Amino acid sequence: MKHLWLVLLLLTSACAKPMGGPLVPIATDPDVVVSLARIRPMPTSLQARFSVNIDLGEKNYTVPAALLLDQPDRFRFELYTPFGTPLATIASNGQAINVWSQRDKVFYEGPDASAVLERFTGGKIGIDDLLGIFTGALPMADAEVLSVGRTVFERGGVAIVMLGPDDIRIRAVIDPRTGMVRRLRVDPPLGGDSEASDDDEPLLEVRYEGLVRQEKAVLPSRIKVFLPRVDWALDIEVKKWKVLNEAPSAFELKAPPRAAVRDLRSTLEEMRP
């Protein structure tokens, strides 16, 4: 069961209204589309409820979940049983990432969030990049853009390739009307002058379906996340997005009395495939 919160941390969205209002002009200049993605309006605080299917190869779970995020780096994930009782909670106040497994009565402490993420991902991946997966945001917005308008990875939008940490390649397809990412792929470092293609096995791939408008924000209604190298997949169907004027004070997570306390960073390293 601990794998449930591990998968969510790795990444770390309906019955909402369909998009309405006037048609938005479609940008035709690829460089303009990239700029649109980088300045895309996004509420500071968001709340979502969704159903998530977690496929771990040998095990498969479908559970209700809730997300509270406060941009850029505070969040709270909650997983529930089908009967609504808590399974696990993951929270970050921007400095620490902590996990409380209600089912196992174990509290995992991660006082240094950047160290936890770097230890597991092997790169300078920030909390904001993990949260961006849920909103269809372009990750690492300041990363160097290697190419724009490539067709090999294009699926109904403008395809770009960016240089990420440790020489990884980040490929994204951007919706020219909204600036939302429609497809995201993270490839391992390349040797020499090699170029990645759809035939290569990525480190991470995310596909988005549907569009939902919440005030000035446009958000995905379904998110499919794939981790091919460990044969894991996550399928998120959002039931409701809600924009908050101000996020509640729900990002501090402390060990309950009599809980077994373990180090999150070392636990993740032990679980790493």
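Quick notes on this structure:
- Condition check for Arg103: over 23 Å from Met42 (Cα atoms) and at pLDDT 85 or above: yes
- Residue in segment 221-229 that is modelled with pLDDT of 90 or more, among the basic types (Lys, Arg) and touching an Asp or Glu at 6+ places or on another chain (Cβ under 8 Å) present: yes
- So Leu69, is it under 26 Å from Arg171 (Cβ atoms), in a strand (DSSP E or B), under 19 Å from the mean Cα position of the chain (by Cα) and not aromatic (Phe, Trp, Tyr): yes
- Test: residue in segment 248-258 that is at positive phi, part of a loop (DSSP other than H, G, I, E, B) and modelled with pLDDT of 90 or more: yes
- Condition met for Pro111 (assigned to a loop (DSSP other than H, G, I, E, B), modelled with pLDDT of 85 or more and more than 30 Å from Pro176 (Cα to Cα)): yes
- Close pairs (9 angstrom Cβ cut-off, 6 or more residues apart or separate chains): at positive phi in segment 123-143, of a type in the set (Phe, Trp, Tyr) and at pLDDT 80 or above anywhere: Gly136/Tyr208
- Residue within segment 30-53 that is within 14 Å of Leu253 (Cα to Cα) and modelled with pLDDT of 90 or more present: no
- Residue-level analysis places Val218 outside the set of residues that are in a strand (DSSP E or B), farther than 19 Å from Pro176 by Cα and of a type in the set (Val, Ile, Thr).
- Breaking point among (1) out of contact with any Leu (no Cβ under 8 Å at 6 or more places or on another chain); (2) closer than 24 Å to Lys242 by Cα; (3) at pLDDT below 90; (4) small (Gly, Ala, Ser), for Ala66: (3)
- Candidates Leu204, Leu184, filtered to the one that is at pLDDT below 90, buried (at least 18 other Cβ atoms within 10 Å of the Cβ) and hydrophobic (A, V, I, L, M, F, W, C): Leu204
The values are calculated or read from the model by the stated rules, or taken from the named source; none is laboratory data. Given the structure is predicted, the values throughout are model-derived calculations rather than measurements. FYI the Cβ positions are ideal-geometry reconstructions off the backbone, even for glycines, and counts take in every protein chain you see.
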